1. Give me the inter-chain shielding for B:407-415: mean count of other chain Cβ atoms within 10 Å, whole number please.
2. Can you give me the span-like helices of chain A, meaning DSSP H runs with 20 Å or more of Cα extent along the axis and Kyte-Doolittle mean at or above 0.0?
3. Quick one: of A:Lys124/B:Lys374; A:Lys124/B:Lys361; A:Lys9/B:Lys492; A:Lys16/B:Lys189, which pairs are farther than 28 Å apart, Cα to Cα?
4. Write out the GluC sites (Glu not before Pro) in segment A:50-131 meeting two conditions: DSSP loop, and at most 14 other Cβ atoms within 10 Å of their Cβ.
5. Let me have the 222 nm mean residue ellipticity of chain A computed from DSSP H runs of 4+ only, each contributing -39500 (n - 2.57), with the sum over all residues rounded to the nearest 500.
6. Kindly state, to the nearest 0.05, the FRET efficiency for B:Arg506 paired with B:Arg155, given R0 = 56 Å and r defined as their beta-carbon distance.
7. Rounded to a whole number of µm²/s, how large is the Stokes-Einstein D of segment B:415-517 at 4 °C and 1.567 mPa s, given Rh as the Kirkwood radius over C-alpha pairs?
8. Calculate the mean, over all residues of peptide A:86-92, of how many other protein chain Cβ atoms lie within 10 angstrom of the residue's Cβ.
Amino acid sequence: MSSMEYLQKGLIDGGKLRDDLMPHVRTLAASWIETGVDVGVVDILAEHLARWAVELEAPVGFEQIAAGTAYLDLAPDVTELLREAVGQQASATELAALAVHLVDIAEAMALVIFVPELPALSAKADRTGDAARMVGVARHLKG
Amino acid sequence: MGRGGSGRAPIVGGGEKVRRRLRAPEDPAAELMPAAEFLGNETDFAAILEGFRDTPFDPARRRVLGRLMGMFAMDYQGAQPVERRFLRRLLAAGNPREGYVANRGLHLCGAPPVIRRTLALGVAEIRFARGRVVGFLGAVQARVAATTFRLLGPRGRELLWGLLTLAGHGDAGPLPDADRVIERALILKAVAARRHRLGPWSRDGETALAEISAFAVGIRGCTRQSLAARTTLIPGDPKQIAPIIAGLDDPAARAGLIARGEIDPVFAWQAHGASGERATAPAATAPAATAPAATAPAATAESQVHAADDALPDLDRSALVDRPRLHWAFAQARVRRAEIMLPGEREALSDFITGGKMHDKKVVLKDSGWRIVKDKGFDIAGEEAMQGIRLDAQGIYRFDSARALGDLLSRYTGATYVRRMFSDQITAGADPLKQIVTALIRGLAVPIVVHELKITLVKAFAAIGWQGDSAGAWQVELTEPSMGKEMHLPAKTLLLPVLPPDFGRRARAEAYMAPAALDLLTPPFGIPFPALGIEDQL
């Protein structure tokens, strides 16, 4: 899958996450929303991998991760990302980097999902005479 | 000379060292944490800080801790007795720092006081006396639990409130050896672990609620030791190691199971009870506590006070509590296009709850959308709540939209929000652009509302990036998430009376959601990863 080619270079560069990941994060976020990936599942998957990285003493392979996260019923796109990012095996640091990367993707997805709702979220009726008559004192006085 | 916790000029002058005794009355909290030194009436902060120089608690080196210390002082001095008792319990626990961080985050989220105190104590209390210092849940988990609880539907909230009320109770009332605060914290942790299954269009939300319910009943009345050992897979108690961990040779798979157990106490509880026997005897039948008799009356008095402090008030059943969940449902329906409901149906429903005018055609769409909410949705809202929300939007408008946005976004962004009008900020002499760029520098996106004057159309953008060294040269990167459109423009453009045409016809930036970071520890999930340069900042 071409959108995941960037993972071939790994997620870590110079002891921290690569600087050039954000464009990929946004592309993936848009693509995953399009294919119906649940942002809530991405979030909890990231938490599981982050905590897994804390406990991990030996490298972990993709099959083990897939088995350990099977309860989340991951979408094929997400499984594909895990496969590409883990490769043969991942160390604790690489797994942590993957978790942080998923956090970034979940954040980008959440912005796409929830920010467009902001106008409705902060909407209220115009204070027209009509609206005023429907509520409060005006309605009471009107009987 | 370093800089102090306030981030302002050097706190300690170069003059003679001053040593002063705390003039405040003796307080147990003062012995437990350096932050408590601020509790008294000492106004000479420089003198206080001098006592911490070159210690691990030197605020000049640890800015976040320094800020927390100041916050603690303000919290404590301005608190009611119940809150002071809680803060002392927090400091007396084994993990007070993370507990206090959780308390601050929950404050910012606006969690109800009892829930906030319960969760903060769940973070501060440690599971095991030896080994790794871990609370019953983490600070970030506590925050997620609070927001997940608030975003539940009416049925879920009622169910959970009932479970929380019954925590620590047997058939005949409260059980003396039960720990209802920890029970409640664990129930809320189980809710947080199911956040992805409790959404408005969830297909297995009912199963998730049933699992929480069974867990709450299962742990009800258990001793604290039993709760500590059997709601985690971390092998802290050698006598109570879960069979699935004990019999596993593969270290990577073992780590994965422990990680899952750290997220979900229900999973850990079930893993311990694989043999099918009850995990522990109810506290009422457990051996009596072995505390010396001389201390028993004092302990009883204290526990009675704590029991009164922990009593749950009535559940908030206001219609407005359901509004964020409705918007959650609409937001998900929007991105899934016609899969859930038609855009017209969603817009009609949205117009209805926001107090818009409803002509006949729109009423038909609203009714058909409402049928979908009732038939396909999972515990979204009741019809009365819809009417109540509409009346609020048409009248007094008590709904807090910024808090609702925080509830929806904070689990992903680690931020909560305050709504600020550009014009108000400028009138008050504040600099909204500086606030926006400061938030972006901290890695927090800033949602912005733009208003098209002529046709009263409102659009939402998000500032997600910035460039430039000085205020005059700041460039911001904006995205319009619904359209997938991105643009770069000078920050000061946002203050123009009429924005460029990309924003719409005769549009102006009306308001922005100023974010406050909730994760005072380290993102993500409060877990530091030093190998990636993600350090504990405290």
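1. Details: counts 0, 7, 7, 1, 8, 16, 6, 2, 1.
Other-chain Cβ atoms within 10 Å of each residue's Cβ, averaged: 5.
2. Values: long enough: A:39-55 (24 Å, 0.87); A:92-114 (32 Å, 1.73).
Qualifying helices, which must be both long enough and hydrophobic enough, are A:39-55, A:92-114.
3. Details: A:Lys124/B:Lys374 24 Å; A:Lys124/B:Lys361 21 Å; A:Lys9/B:Lys492 38 Å; A:Lys16/B:Lys189 31 Å.
Checking Cα-Cα distances, A:Lys9/B:Lys492; A:Lys16/B:Lys189 exceed 28 Å.
4. On the way: sites: A:Glu55, A:Glu57, A:Glu63, A:Glu80, A:Glu84, A:Glu94, A:Glu107, A:Glu117; in loops: A:Glu57.
Hits after loop and neighbour filter: A:Glu57.
5. Working: 8 runs with 88 residues, N = 143.
Here the helix-only value at 222 nm equals -18500 deg cm²/dmol.
6. Details: r = 45 Å, r/R0 = 0.81.
Efficiency, rounded to the nearest 0.05: 0.80.
7. Numbers: Rh = 13.6 Å.
Estimated diffusion coefficient is 95 µm²/s.
8. Values: counts 0, 0, 0, 1, 1, 1, 4.
Other-chain Cβ atoms within 10 Å of each residue's Cβ, averaged: 1.
We did not get these values from a lab; they are worked out from the coordinates using the rules stated. Keep in mind that this is a model prediction, so the values were computed, not measured. Reconstructed Cβ throughout: ideal geometry from the backbone, glycine too, with neighbour counts over all protein chains shown.
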